[in-house]
């Protein structure tokens, strides 16, 4: 399959951009209010927790939409959008300032970015892209949310959907304390909704 076409992807995703842009912000907000943020600031725990919240909010937003499929496989979740004569498969990921997501390298992750290979499903071959969030250096604010098309390790194209996001009130107040590694710790504990499941990637 060819490298994902940005115009086709953008056309398929456009109706959902506002919701997609809000998902990482909602996830970070919930993490900052959570018990985990109070007891540990380990980067892996934080990333996995935010990812779990993102999957929760994605299911909440799109789970009843017949044009969306949530596919759980090998400890992660891929989301397929059935657009007009076009399918997009995407993953929700954390990325660096360049928009490059962070992955543990496996044959499966390599296949995701190699468009000469089919990914998971031999019967369908959708455009494979990522919706990534970029977090600030303190770890308390989403700086950007992007749709990213990659070929191997190279970002071929990307565009921001951050401007589509609605304003979300930050839980960070004057009780925020600086901690040694430059992140922030927020006082207070919030419980996960009952139907949230702990997941990680």
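Laboratory data are not the source of any read-out in this text; all were calculated from the coordinates shown. Remember, it's a predicted structure, so these values are computed and weren't measured experimentally. When we count neighbours, we look across all protein chains shown, and the Cβ atoms used for this are built from the backbone with ideal geometry, even at glycine.
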Obtain the nm distance between the two label points defined at residue 11 and residue 45 by a simple spin-label model: each point lies 7 Å from its Cα along the Cα-to-C-beta direction.
4.7
Footprinting proxy, 76, 106: sorted fewest to most Cβ within 10 Å, the residues are 106, 76
Gyration tensor (Cα only) of region 6-185 to equivalent ellipsoid, semi-axes in Å sorted down, yields 29, 18, 15
Hey, with R₀ at 25 Å, roughly what FRET efficiency would residue 82 and residue 159 work out to, going by the Cβ-Cβ distance, to 0.05?
0.70
Calculated FRET efficiency for the pair residue 72/residue 110, C-beta based, R₀ 25 Å, to 0.05:
0.80
Residue 124 versus residue 18, label points 7 Å from Cα toward the beta carbon: distance in nm?
2.6
Against the 2.2 N^0.38 Å scaling, with N counting residues, where does region 4-67 land? I'd like the Cα-based Rg ratio to two decimal places.
1.35
Taking the Cβ of each residue in 128, 44 as the centre, tally the other Cβ atoms inside 10 Å and list the residues starting with the fewest.
44, 128
